[in-house]
């Protein structure tokens, strides 16, 4: 490996460590497999997920789902009438390349919440209601899931910082 390659790799790694974005929308539902409704704030519970959301559970690693607004905009560009929450994501983010975050990556959201990436994408065994309502689904390909390591109050517009 050349010196230039090592320097470039080091710079990319440092930029990755400083990646930050924000919460564009917080979305919840009381049933699984449906579009989620936006809310201004929620409580994330440690080891559980979003209080009041159908997907929250201490029984598995997919406690909170994230999808980038950039992914939703790609679907809008294809002519689909979709908005944050329509793909059943809990948190719509902006400014973070979610798909390139390795499993185990930790993020701080707002002042107190800490989450860890637990899964990239998901397998859809059948076409769910979201597929039929929206015309396609980007969650299986571009969504990620996190487990809540430290809970707290989450508000729309809160900053997200990728820490490792």
Only residues in the stretch 19-33 that are on the phi > 0 side of the Ramachandran plot count as the first member; pair them with residues that are surrounded by fewer than 19 Cβ atoms within 10 Å (Cβ to Cβ), Cβ under 6 angstrom, at least 6 apart or cross-chain, and list the lot.
33/128; 33/129
I'm trying to understand the selection: among the residues of the stretch 55-68, which are surrounded by 24 or more Cβ atoms within 10 Å (Cβ to Cβ) and in a loop (DSSP other than H, G, I, E, B)?
63
Return yes or no: is residue 52 surrounded by fewer than 17 Cβ atoms within 10 Å (Cβ to Cβ), at positive phi and touching a residue at least 60 places away in the same chain (Cβ under 8 Å)?
no
Checklist (1) closer than 11 Å to residue 144 by Cβ; (2) part of a loop (DSSP other than H, G, I, E, B) applied to residue 71, failing item:
(2)
Out of the stretch 68-107, which residues are at pLDDT below 95 and on the phi > 0 side of the Ramachandran plot?
79, 85, 88
Could you say which residue among 91, 99, 44 is over 22 Å from residue 111 (Cβ atoms), touching a residue at least 24 places away in the same chain (Cβ under 8 Å) and surrounded by 13 or more Cβ atoms within 10 Å (Cβ to Cβ)?
99
Selection from the stretch 16-34 of residues that are surrounded by 15 or more Cβ atoms within 10 Å (Cβ to Cβ) and touching a strand residue (DSSP E or B) at 6+ places or on another chain (Cβ under 8 Å):
16, 19, 21, 22, 23, 24, 25, 26, 27, 28, 29
Just to be sure I understand, how many residues within the stretch 18-37 are outside any loop (DSSP other than H, G, I, E, B) and more than 13 Å from residue 85 (Cβ to Cβ)?
3
The stretch 38-53, subset assigned to a loop (DSSP other than H, G, I, E, B) and under 16 Å from the mean Cα position of the chain (by Cα), residue farthest from residue 87 (Cα to Cα)
48
Given 137, 124, which one is at pLDDT below 95, part of a loop (DSSP other than H, G, I, E, B) and crowded, with 16+ Cβ neighbours inside 10 Å?
137
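The values are calculated or read from the model by the stated rules, or taken from the named source; none is laboratory data. What you see is a predicted model; the values in this text were computed from it and never measured. With ideal geometry, Cβ positions are generated from the backbone for all residues, glycine too; neighbour counts draw on all protein chains shown.
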